[in-house]
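Only one structure is covered here, and it is reproduced in the block below.
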């Protein structure tokens, strides 16, 4: 079944933006309009805005008109923040711009530490479980700066494990995957598939996040019914729809309907954004921005609605290197990369950024997990480039004293 579903999970941190023009039904008398209180030790709001802006911009690059899409921008950001700690020069500038990271790393990483502590503090156990973890897997006997490892450990809580990518590649891959599986309760398995990790790897930075929460008010399974879900106006599929009539924060304007479904104790919630039709979806995706996002949240008002939400479960996998290059940070992936904050030398570059995410939304609540691995490789170390002439090519025969071309041709089919 092909479903295009926009899913955003967020932590509500007070009122994000005041807005004068709101369109929503009148709130029922029994619905509270009080904001969820901001917990003590709230994280830096500029950091959160930057992370949210990156999330929405990344979505615009990985969205699909045919396949389900689900990812954790938080996990991707955290793994790349640990990479950013070692970036310098042009690599640092491009990462700062694309990821919306503060340029001053001396103040940025302590702020990220505050965000990590805040996220961990939201964990409530049985009704709302939320945990995140970071790790560093480094090539043994390869020289890294102690200052880099110390920074990542103190600000990101990342434990260090030495592996041997050069001689025990498969064992190293399985070790990393096992760490991820353990911290996501086996929801994310085989994050790094065979062939993605090479003997050129010197460092793998990993983030894992796990979330499992019940709805503040669960859906009654007896009210779940089969209804038609329209993949396109002419392509209906039958799906199980959960049903609940009740009070939710809600917005309807000329472009979209939005409902906010709270999890236990309203600490976290799900936003569902429903455009009117396929054309409206295209317009909605094109106009997704941090300003729109903040304005929508500010305009949500309590209302009584009749909610029908399809039950769904999906897994997404991404190799984000090309996406991040297109977004404006090709430098750290190139031979000119400057990750000298890791080793003191410009000998490393980002090889791959791998992400995998899982979500299951049902009558009881939501279970979600994600993991991100940033693979850092050495630039050369005797690498032999491959020159595989397996497609049409031009050739020239010349004399070398004056570079005089004697013959020139093109081969489209070498056996014809």
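Please treat every number below as a calculation from the coordinates, not as lab data. All values reported here derive from a predicted model rather than from experimental measurement. Note: ideal-geometry Cβ built from the backbone for every residue, glycine included; neighbour counts use all protein chains shown.
Structural remarks
- Using a cutoff of 8 angstrom between alpha carbon atoms and counting only pairs six or more residues apart, the relative contact order for the chain works out to 23 percent.
- Pairwise label distance in nanometres, residue 175 with residue 289, each label 7 Å out on the Cα-Cβ vector: 4.7 nm
- Additional length obtainable on full extension of the chain from residue 308 to residue 90, 0.36 nm per residue less Cα span: 73.6 nm
- Applying 1/(1 + (r/R0)^6) with R0 = 51 Å to the Cβ-Cβ distance of residue 120 and residue 234 gives a FRET efficiency near 0.60.
- Per-residue ellipticity at 222 nm, computed for the chain from helices alone with -39500 (n - 2.57) per DSSP H run of at least four residues, works out to -8500 deg cm²/dmol.
- Distance from region 288-309 to region 228-249 (C-alpha centre basis), Å: 18 Å
- Cα Rg over Rh - the chain, Kirkwood: 1.04
- 10 Å-binned pair-distance histogram of region 251-323 (Cα, whole percent): 14, 41, 36, 9, 1
- Relative contact order of region 307-416, defined on C-alpha pairs under 8 angstrom at six or more residues apart (%): 20 percent
- Note on the chain: GNM, Cα springs under 10 Å; of 303, 103, 357, the largest mean-square fluctuation is that of 103.
- Crossing angle, helix 278-287 versus the chain [Cα axis fit, 0-90 degrees, rounded to tens]: 70 degrees
- Peptide packing for 241-252, 138-149 was compared via the average number of neighbouring C-beta atoms within 10 Å per residue; ordered from the highest value, the list is 241-252, 138-149.
- Value of relative contact order over region 39-150, rounded to a whole percent, pairs C-alpha under 8 Å and six or more apart: 31 percent
- Working from label points 7 Å from Cα in the Cα-to-Cβ sense, the residue 42 to residue 247 distance is 2.2 nm.
- Residue exposure sequence - 317, 92 - by fewest surrounding Cβ within 10 Å: 317, 92
- Förster-model FRET efficiency, 30 Å R0, residue 391 and residue 315, C-beta, rounded to 0.05: 0.30
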